[in-house]
Amino acid sequence: MQSRIATPIARKLSRKPQHSRRYYSFESGKRNLVSHGGTSGEKEWWKTEAHLVKKTKESPQTHIIFLEGLCGTGKADLLWRLSRMQLSGLPDTFHHFAQQHRSDLADLDRLNTLWADSLMSKVKDLASKKHKSNVLFINRSPVSSWAHVRSSKTEKLMTEFLDWTKTSNASIIWCLSDDLRRQERMGQRILSATGDHLQLRNDLGELEINGDYLSSPQQLATAQAYQQLLEAGKFDSSIATTSAKQATSRILEICVVEFQSFFDRPGARS
């Protein structure tokens, strides 16, 4: 006779696994639910982006991939994972630069201009060298300068940068993460910050307002600026970075390795 205690467990184990049928595409930085019919959702997720793979595989120049996104979207986490695969990257952050240039903190326009110039100088130097898989990943770009401080100087920098990407072997990838995960990441940064570092984040408008790290005037203004860029189609592609692990697989596929999914193989189910 079957034990009453074991019955609920047996029933639970006998159920068929319920797999999620929700798949999303990230075009123009917006999350769109893909209508699922058969395996169309899986194909949408695993599809390659030929124009990016071409830059990696067919150009003799290093494919420079700039990761753009709001604070807390997981750009640094993604770069760390890529570095563990011996892929080249420039993980330098704006905060590190600002820490070294505290005297310019009162003039954010000047500080962002100096940072953008310094970043591009390092990028061009690194791009002249050979890199594994012919790719070089960069944390942010001069686009960030304009998104955070909208002025004639930063706009000029951004325009020059966007023009440069058109004649160089470069791409800009928009990193998109849900707000809850962004809150967690930003909260962890603030909690681990001490002394001057904490004061720096306060000066940059990153501290929480009523328990919300995303609602400061600076964060909201930056989000609006990025929205303008998204609507103008300034980015080459978008990836979901809520999970840095999944984002790593996705960016490798669309930028580095031409991927033949299970569903495109001979004999695969349709």
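Of note:
- Calculated FRET value between Glu49 and Ser243, using beta carbons and R₀ = 30 Å, to 0.05: 0.95
- Cut-off under 5 Å, modelled amide H: who pairs with Asp178 long-range: Thr242
- Nitroxide proxy distance, nm - points 7 Å out along Cα→Cβ at Asp196 and Trp80: 2.3 nm
- Cα gyration tensor category, rounded, prolate or oblate, for the range 80-160 with a/c compared to 1.5: prolate
- Accessible surface, per residue, of the range 55-175 when the full set of protein chains is kept, probe 1.4 Å, Å²: 46 Å²
- A Förster radius of 22 Å, combined with the Cβ-Cβ distance separating Thr159 from Gln228, puts the computed FRET efficiency at roughly 0.95.
- With the simple spin-label model, which puts each label point 7 Å out from Cα in the Cβ direction, the Leu180 to Leu220 separation comes to 2.4 nm.
- Sorted from greatest to least, the principal axis extents spanned by the alpha carbons of the range 52-111 come out as 45, 23, 20 Å.
- Under the Karplus curve 6.51 cos²θ - 1.76 cosθ + 1.60, θ = phi - 60°, whole-Hz ³J(HN,Hα) for the range 66-82, x wherever Gly or Pro sits: 8, 9, 10, x, 5, 4, x, 7, x, 5, 5, 4, 5, 4, 5, 5, 5
- Annotation: amide H of Ile138 within the under-5 Å range of Ile65, Phe66, Leu67, Leu90, sequence separation 5 or more or interchain, hydrogens built in the peptide plane.
The values are calculated or read from the model by the stated rules, or taken from the named source; none is laboratory data. Since we're looking at a predicted model, the values are computed, not measured. Reconstructed Cβ throughout: ideal geometry from the backbone, glycine too, with neighbour counts over all protein chains shown. Just so you know, the surface numbers come from the protein's heavy atoms only, side chains and all, with ligands and any DNA or RNA stripped out. Shrake-Rupley method; radii C 1.70, N 1.55, O 1.52, S 1.80 Å.
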